[in-house]
1. Could you grab the relative contact order for region 169-326? Cα pairs under 8 Å, six or more apart, rounded to a whole percent.
2. So for the pair Thr6, Gln288, with labels modelled 7 Å out along Cα→Cβ, what separation do we get in nm?
3. Once the other residues with Cβ under 13 Å from the Cβ of Lys235 are scored (Lys, Arg +1; Asp, Glu -1), what is the net sum?
4. Could you order peptides 173-181, 123-131 by the average number of other Cβ atoms within 10 Å of their residues, highest first?
5. Given charges of +1 on the Cβ of Lys and Arg and -1 on the Cβ of Asp and Glu, with all other atoms neutral, how large is the dipole of the chain about its Cα centre, in debye to the nearest 20?
6. Apply the a/c threshold of 1.5 to the C-alpha gyration tensor of region 100-199 and tell me whether it is rounded, prolate or oblate.
7. Net charge around Arg316, counting only other residues with Cβ within less than 13 Å of its Cβ (Lys, Arg = +1; Asp, Glu = -1)?
8. Defining a contact as two alpha carbons under 8 Å apart and six or more residues distant in sequence, what relative contact order in percent does the chain show?
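Just so it is clear, none of the values below were taken in a lab; they were calculated from the coordinates. What you see is a predicted model; the values in this text were computed from it and never measured. Cβ: placed from backbone, ideal geometry, glycine included. Neighbour counts: every protein chain shown.
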Amino acid sequence: MARGKTMKAITRAEYGGPEVLSYAEVSDPTPGPRDVLVRLRASSINAADYRMMRADPFLVRLETGLFRPKKWHVLGSDVAGVVERVGAEVDGLEVGDEVFGNSFQSGLNAFAELVVVRADHLVAKPDHISFDEAAAVPLAGITALQAIRDAAQVEPGQSVLIQGASGGVGGFALQIAVAFGGEVTAVCGAESMELARDQGAIRVIDYRETDFTDESIRYDTIIGINGYHSLRDYKRCLNPGGIYVMVGGDNRQIYEGMFLSWLVFLFGNRRATNLNVDDDRRAEDLGQLRKMLIDGELQPVVDRTFDLDEAADAMRYLEQHHVDGKVALRVEE
Ligand SMILES: NC(=O)c1ccc[n+]([C@@H]2O[C@H](COP(=O)([O-])OP(=O)(O)OC[C@H]3O[C@@H](n4cnc5c(N)ncnc54)[C@H](OP(=O)(O)O)[C@@H]3O)[C@@H](O)[C@H]2O)c1
């Protein structure tokens, strides 16, 4: 069948809330020689998408334009779909292959019927998971893997507290920490406690009932994903030699992590680090996540799936911050 020259995509021309998103007709993207054109079956939304959409934190504007977005008019980077076309220099992938991956290094572009992705940032979709589930994995999974494996260097028997353990990144961080042998305490809302236990947490704390920083329990690692405590609180809750990994949370947590953690953690034999995803490892990490999916160590959780043209509603839903796992966007076959 001849491919049309236009496709449907979710576009934006202004910064702002979900109301800036529109379902529009745009030109088909053109893959380069090392790229693959993927016909999207599902994408998933990440915090990066609403942060870019709103330009929040403000520093985002240094990257994408001071007054209005000058690039990334189509948001999204998680991709699951079917190979439509391969670039001349691409080996190992063929038209019709079912794949998943992340287009982050090609620029945000995934909330669209056709998506260009670097070939090395795609892997074969395991047969036992759906396109929605596969699309849930890449960005959040890579973030979680780098937080647990590289930043925290979790080892068997270590105590790991994960704050925000039931969300997009947190759900993967919990499962990966368990797979690495960590003894995980999950901090999440009451509705998500059962899920966290099923995923292997040995203790689950409802953050509305108990503030873990008021307890006397100390941890080898604290992963702050949806956090809001002060750096001093995190430090106090660590064992000697322990580490606090700031992944995300409210803006205060992000700015404090960036600018003050070196000072607060200067003395006292505890460390703090801010997770900055290493782009050079994204491709191999995707392979490791795929293996963990196949080995049964990782099971994606999709809270809710919306059609692509409902992206604004999906964004509103995610921005409430009470999602279990991921929110997916689907394109019917
Ligand atoms: N550093 C990096 O490279 C990087 C990469 C990706 C993401 N991030 C950051 O990571 C953060 C989280 O992303 P995400 O996609 O996982 O978010 P998310 O899916 O929106 O997280 C929602 C989860 O957080 C829980 N939660 C909400 N308020 C909480 C609280 N006060 N205490 C504990 N848990 C709470 C919710 O639990 P309940 O529903 O049970 O209330 C829900 O399960 C964002 O700030 C994002 O920017 C950073």
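1. 18
2. Once both label points are built, they end up 4.4 nm from each other.
3. +3
4. Details: 173-181: 23.4, 123-131: 17.1.
Descending packing order for the listed peptides: 173-181, 123-131.
5. About 1000 debye.
6. Cα axes put region 100-199 in the prolate bin.
7. Net of charged neighbours comes to -3.
8. Details: 754 pairs, mean separation 60.1, N = 333.
Relative contact order here is 18 percent.
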